[in-house]
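So the structure is just underneath, and the comments pick up after that.
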Amino acid sequence: MQPIELRPAQPGDTPLLRQIAVAAKSYWGYPASLIAQWAATPIITPAAMARDRVCLAACAGTPIGWYRLALDRSPAWLDDLWVIPAWIGRGVGRLLLSDAIAACRARGIAQMELEADPNALGFYLRMGGVVIGERISEWNRPVPLVRLDLPSDTLS
């Protein structure tokens with residue numbers, strides 16, 4: 001297998017990032033009507049890319065995942081982490097999250113929070129996250145709020 005490379009996403013990547021997010025969300029078997037409604041929202045914009053850290057993972061030049069991390073607050077906020085279905089379970093999510101953790105640590109941020117899709121909760125728990133609450137999503141379902149503590153002397 002070729003190595004997975006990470007690079008900053010560019011505004012021109014916006015349509016591709018949207019495609020990856022929609023494919024990843026669709027993987028979990030949500031009704032097509034909900035996916036279509038969600039896909040009609042901005043998901044990611046050039047303005048968000050200018051404000052936040054947006055990182056793209058690619059293998060042999062083919063984009064396979066991305067994340068968006070707001071570093072202008074503490075705890076940092078992981079807004080997005082998406083992996084195309086063919087790559088789920090192959091370490092791409094771990095690589096992306098590890099990069100986000102490193103970005104937090106480089107700025108002295110000791111915690112990261114996120115809303116976890118219920119289907120991805122196990123991943124975040126395996127990565128050291130803990131559930132700190134929940135909210136009701138726009139789809140009227142509970143979504144776990146997760147916090148990762150990022151002490152500088154542990155995993156990366």
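The values are calculated or read from the model by the stated rules, or taken from the named source; none is laboratory data. Since the structure is predicted, the reported quantities are computational estimates derived from the model, not experimental observations. Counting neighbours? That spans all protein chains shown, and the Cβs are built from the backbone with ideal geometry, glycine included.
Below is a table of values for the structure above.
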| item | result |
| --- | --- |
| Top-ranked residue in the stretch 57-108 [being touching a helix residue (DSSP H, G or I) at 6+ places or on another chain (Cβ under 7 Å) and free of Cβ contacts under 8 Å to residues at least 40 places away in the same chain; ranked as surrounded by the fewest Cβ atoms within 10 Å (Cβ to Cβ)] | 71 |
| Tabulated pairs, the stretch 125-145, first assigned to a loop (DSSP other than H, G, I, E, B), second at pLDDT 95 or above and of a type in the set (Lys, Arg), C-beta under 8 angstrom, 6+ apart or interchain | 127/94; 129/147 |
| Residue tally, condition among the small types (Gly, Ala, Ser) and touching a Gly at 6+ places or on another chain (Cβ under 8 Å), over the stretch 1-23 | 0 |
| Count of the stretch 22-37 residues which are out of contact with any strand residue (DSSP E or B) (no Cβ under 9 Å at 6 or more places or on another chain) and either over 12 Å from residue 82 (Cβ atoms) or small (Gly, Ala, Ser) (or both) | 10 |
| All positions within the stretch 111-123 that are among the small types (Gly, Ala, Ser) and exposed (fewer than 15 other Cβ atoms within 10 Å of the Cβ) | 122 |
| Flag if residue 146 is at pLDDT 95 or above, β-branched (Val, Ile, Thr), touching an Asp or Glu at 6+ places or on another chain (Cβ under 7 Å) and surrounded by 11 or more Cβ atoms within 10 Å (Cβ to Cβ) | yes |
| Any chance residue 12 is surrounded by fewer than 16 Cβ atoms within 10 Å (Cβ to Cβ) and on the phi > 0 side of the Ramachandran plot | no |
| Criterion (closer than 18 Å to residue 27 by Cβ, of a type in the set (D, E, K, R) and assigned to a helix (DSSP H, G or I)) met by exactly one of 105, 94 | 94 |
| Scope the stretch 31-84; condition in contact with a Leu (Cβ under 9 Å, 6 or more places away or on another chain) and aromatic (Phe, Trp, Tyr); matching residues | 66, 67, 77, 82 |
| Hits in the stretch 1-25 (condition: assigned to a loop (DSSP other than H, G, I, E, B) and in contact with a helix residue (DSSP H, G or I) (Cβ under 7 Å, 6 or more places away or on another chain)) | 9 |
| Per-region count, the stretch 31-44, residues touching a residue at least 12 places away in the same chain (Cβ under 8 Å) and out of contact with any helix residue (DSSP H, G or I) (no Cβ under 7 Å at 6 or more places or on another chain) | 1 |
